[in-house]
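Comments concern the structure below.
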Amino acid sequence: MSYINNDPDRWINFVLLNGWRLQAEVNEETGGLNILISNEKGNVTYNYAGMPSVEQVEHSYLLEKNEKESS
C-alpha cells in the first residue's frame, strides 16, 4: 500500500518488507537531510566491491538553493 502525505514533517520512520527500515530526518539548523537504512535481519552493504557490511548505512545531503534569475 502506498501513502503520500503532503504535510511537511521533520522526520519519517518506515518499516518495509523483509525487515528493511528507512529513517529520514531534516536538521532544522542546517537544512540538511540524513537518511539511515538498516535491516532487522542483519547487516547491510553498499553495492560496491570491497565495501564492508555494516549495521546501518547513513547518507547526508545538503541543499544548495537555486538563485532566481532577475530580469
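The values are calculated or read from the model by the stated rules, or taken from the named source; none is laboratory data. Quick caveat: nothing in here was measured; it's all calculated off a predicted structure. Counting neighbours? That spans all protein chains shown, and the Cβs are built from the backbone with ideal geometry, glycine included. For the accessible areas, the whole protein counts, side chains as well, though only heavy atoms, and no ligand, DNA or RNA atoms are used. Shrake-Rupley method; radii C 1.70, N 1.55, O 1.52, S 1.80 Å.
Checking each residue in the range 21-63 for being among the aliphatic types (A, V, I, L, M), open to solvent by less than 80 Å² (accessible area, probe 1.4 Å) and under 19 Å from Trp11 (Cα atoms) picks out Leu22, Ala24, Val26, Leu33, Ile35, Leu36, Ile37, Val57. Residues of the range 49-67 that are part of a loop (DSSP other than H, G, I, E, B) and on the phi < 0 side of the Ramachandran plot: Ala49, Met51, Pro52, Ser53, Glu55, Leu62, Leu63, Glu64, Lys65, Asn66, Glu67.
Selection over the range 16-42 of residues that are among the aliphatic types (A, V, I, L, M), assigned to a strand (DSSP E or B) and farther than 16 Å from Glu55 by Cβ gives a count of 3. Residue pairs whose Cβ atoms lie under 9 Å apart, separated by 6 or more positions or on different chains, with the first residue in the range 9-34 and farther than 19 Å from Leu63 by Cβ and the second open to solvent by 70 Å² or more (accessible area, probe 1.4 Å) and part of a loop (DSSP other than H, G, I, E, B), are Val15/Glu40; Asn18/Lys41; Gly19/Glu40; Gly19/Lys41; Trp20/Glu40; Trp20/Lys41; Arg21/Glu40; Leu22/Leu16. Conditions: (1) modelled with pLDDT of 85 or more; (2) open to solvent by 100 Å² or more (accessible area, probe 1.4 Å); (3) acidic (Asp, Glu). Asp9 meets all but one. Number of the miss? Of everything listed in (1) modelled with pLDDT of 85 or more; (2) open to solvent by 100 Å² or more (accessible area, probe 1.4 Å); (3) acidic (Asp, Glu), Asp9 misses just condition (1).
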